[in-house]
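Worksheet for the structure shown next.
The values are calculated or read from the model by the stated rules, or taken from the named source; none is laboratory data. Model, not experiment: these values are computed from the prediction. FYI the Cβ positions are ideal-geometry reconstructions off the backbone, even for glycines, and counts take in every protein chain you see.
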Amino acid sequence: MTAPDPFEGDVVSASDRLLAFELCGTLFALPIADVAEVTELDQLASVPTVHRKVGGVVNHHGDAVPIVYGDALFETDRPLYPRNRPLLILAKDPDDPHRYGVPVDRIWGLIDGPAATSHGTGPVAERRPLEGRMVSVLDPASLLERAMEVIGGSVAPETIDSTHGGMT
């Protein structure tokens, strides 16, 4: 008699796996297929036109990748993130020109379950129970849209200084 193969059985595809993480005391999940990489938030550089409470940029494999703080995305009140936090690089692949990062408090791990599409105005598509808590399943397209809104909303409009002929 042979021992059962622990890898035999139902195979869960990447489209049915979610990466669960905690942010501002809330449990969230994203389709793993939309997470290009999990790394560490290290040296964050400021962007002159973006408020530092919203985010900045990091050097990610030689490219400047925009970072949007989760508290800005989900409108919570929280201090700036310290270094060495987990950083999700969100994109279909690591070379996607539309990739961006979201620092999180901690990674919970992979969970089984399908992705969900938001039908409302925010990135939370649905809520599901998970180990005695509720997990907010995010729609990656809506999350990207929200990130762009947050960055755009933090950019100060340019004003023209007519006495000096330039922008102030």
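Filtering segment 97-116 to residues that are outside any strand (DSSP E or B) and touching a residue at least 24 places away in the same chain (Cβ under 8 Å) leaves HIS98, ARG99, VAL104, ASP105, GLY113, PRO114, ALA115. If the condition is being of a type outside the set (Asp, Glu), surrounded by 12 or more Cβ atoms within 10 Å (Cβ to Cβ) and free of Cβ contacts under 8 Å to residues at least 60 places away in the same chain, then segment 129-143 contributes ALA141, SER142.
In summary, ASN84 fulfils each of the numbered conditions (1) closer than 18 Å to CYS24 by Cβ; (2) modelled with pLDDT of 90 or more; (3) loosely packed, with under 12 Cβ neighbours inside 10 Å; (4) not charged (D, E, K, R) with the single exception of condition (2). Considered as a group, the residues in segment 130-165 that are of a type outside the set (Asp, Glu) and in a strand (DSSP E or B) include one that is modelled with the lowest pLDDT, and that residue is ILE160. Within segment 93-107, the presence of at least one residue that is within 14 Å of ALA29 (Cβ to Cβ), surrounded by fewer than 20 Cβ atoms within 10 Å (Cβ to Cβ) and at pLDDT 95 or above is confirmed.
Residues in segment 117-129 that are part of a loop (DSSP other than H, G, I, E, B) and among the basic types (Lys, Arg): how many? Before you say what the answer is, go through the steps one by one.
Here is the first cut: in segment 117-129, the ones part of a loop (DSSP other than H, G, I, E, B) are 117-123.
Checking the rest, the ones that are also among the basic types (Lys, Arg) come to none.
Selection size over segment 117-129: 0.
Checked against (1) buried (at least 18 other Cβ atoms within 10 Å of the Cβ); (2) at pLDDT 90 or above; (3) in contact with a Leu (Cβ under 9 Å, 6 or more places away or on another chain), SER118 passes all but a single condition, namely (2).
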